[in-house]
Structures are given as structure tokens and as C-alpha cells.
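Accompanying notes for the structure given below.
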Amino acid sequence: AQKVTQAQTEISVVEKEDVTLDCVYETRDTTYYLFWYKQPPSGELVFLIRRNSFDEQNEISGRYSWNFQKSTSSFNFTITASQVVDSAVYFCALSDYYGGSQGNLIFGKGTKLSVKP
Amino acid sequence: DVKVTQSSRYLVKRTGEKVFLECVQDMDHENMFWYRQDPGLGLRLIYFSYDVKMKEKGDIPEGYSVSREKKERFSLILESASTNQTSMYLCASSPYRGQEYYNEQFFGPGTRLTVL
């Protein structure tokens, strides 16, 4: 069965600190996709990144970076020099590759990040 | 930009009422999804649809039904609302480009439903 675990329920940091959000997944598929979404207080989930299981290169986008390690089944998300606007709930999600289910996402329970000024 | 809209941001209904939650997307996406979000439980899939008039049960379909008469519109129906259906409901859509490529889902702003 597929499963996504975000062990950190809540994290609180002070502005300009770096913070890493952990995501560990389980799947028996050899090919799959991983995602991160951000849910600000307004409620709408915002897509951040998609990574397929063939591509283990880390990715950096501005202050955001993602570390994908198949060996440990982890897809961690780091925010460098955090800002108050980064305060949100962040979800990690997993989807199988060949979607007879048309690509349903399995979500973790989310990590609530609070960045204090 | 992809736009997914939901008919209401906040809704208050009484137990036993029939409730309709509407979702519309404007990007000609094939796939549409309904989730509910509850504290500590994350997002759970209720139903999804990969084509007009097609529907598939998700993880928690009990007490819900759906309708997709047009490609852009996906409705979630609570036949007889109950207090345990008080939740945030999120609609999403995604395009289908073949099995070799999976696309991200785009979400609407959510409807916070309270059943009294």
C-alpha cells in the first residue's frame, strides 16, 4: 500500500532561519511521482514541485530546495532564510506512475510551519 | 492560469438537508477530484472523475455522491447531511496526457461546510 508520512506536525521558527520539512513515503511501485503543496491560511493548495522517481537530482528554486533520496524513501523540503509569508501548511504527496487510477494523490497529513518575525 | 472555482467559501446546513457543492474548472481538464480535509487527517479522496459521466470512488465515498454532466463541472452531493460531514471540501482538476506522464492537480479555494 502507498503511504506518505510527515512526522512533523508543527514547526515554529524565527524569520531568516532555515527549516527542513521531512517526508517519507512507502510504495511498491518502481515508478512514481512525488509532490509538495503549500496551503496558506487562505486555504487554497498551491503546487510547488513534482518529481518523478527516475530523477534523483536535487532541485533548487529560489529559497526552496528539495532533496530526493530513493535509498531512504525520502523527499525533504528545505526553506532557506524563512520569511513570515512562508507560514502555511505544507503537504507531501505520492502518486503511482501508471494510473489506472488516473493519478490519484496520496497525501501526508501535513506540517504546519509558523515563521515568526 | 488554471482556475478552479467552488461555488461557496462557507456554507451552513442543517442535518438531513441535501447539499450540493459545485466545482468548475476552465482549463479543459479531463480529471476532477473531490477531497475533504480534516485536522490531523490531511486530505482524503472522496470521489474522482476522469471523463464526463464517469466517476470512481475514492477512499471515503460513504454518504456522498457526485455528478459530472459537463467536462468543466464536477458536483459533490451530500444526500442527507450529517454533523460528521462538517469539514473543508476541496475540489481539484488535472489534465491527462497519457500514462507516461503525470500532471499535478490544481485546487480550488475550498468550501468550509458546517452541518448543524
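Here are some notes:
- Any hit, region B:86-101, residues being at pLDDT 95 or above and facing chain A (nearest Cβ under 9 Å): yes
- Being assigned to a strand (DSSP E or B) and either surrounded by 20 or more Cβ atoms within 10 Å (Cβ to Cβ) or free of Cβ contacts under 8 Å to residues at least 12 places away in the same chain (or both) is a description that does not apply to A:Leu48.
- Every condition in (1) free of Cβ contacts under 8 Å to residues at least 24 places away in the same chain; (2) of a type in the set (A, V, I, L, M); (3) within 11 Å of chain B (Cβ to nearest Cβ) holds for A:Ile60 except the one numbered (3).
- Screening region A:3-45 for residues that are within 9 Å of chain B (Cβ to nearest Cβ) and either hydrophobic (A, V, I, L, M, F, W, C) or within 12 Å of A:Asn76 (Cα to Cα) (or both) and picking the one that is surrounded by the fewest Cβ atoms within 10 Å (Cβ to Cβ) gives A:Gln6.
- When we screen B:Asp28, B:Asp59 for residues that are within 14 Å of chain A (Cβ to nearest Cβ) and acidic (Asp, Glu), the only hit is B:Asp59.
- A search for C-beta distances below 7 Å between a residue of region B:57-74 that is more than 20 Å from B:Gly16 (Cβ to Cβ) and any residue that is of a type in the set (Asp, Glu) and surrounded by fewer than 14 Cβ atoms within 10 Å (Cβ to Cβ), counting only pairs 6+ apart in sequence or on different chains, returns B:Lys71/B:Asp28; B:Glu72/B:Asp26.
- Residues that are on the phi < 0 side of the Ramachandran plot and within 13 Å of the chain's Cα centre (by Cα) within region A:72-87 comprise A:Ser74, A:Phe75, A:Asn76, A:Phe77, A:Thr78, A:Ile79, listed in sequence order.
- Of the residues examined, A:Gln2 is not one that is within 26 Å of B:Arg112 (Cα to Cα) and in contact (Cβ under 8 Å) with a residue 40 or more places away in the chain.
The values are calculated or read from the model by the stated rules, or taken from the named source; none is laboratory data. This one's a predicted model, so the numbers in the text were calculated from it and none came from an experiment. In this analysis, Cβ positions are derived from the backbone assuming ideal geometry, glycine residues included, and neighbour counts consider all displayed protein chains.
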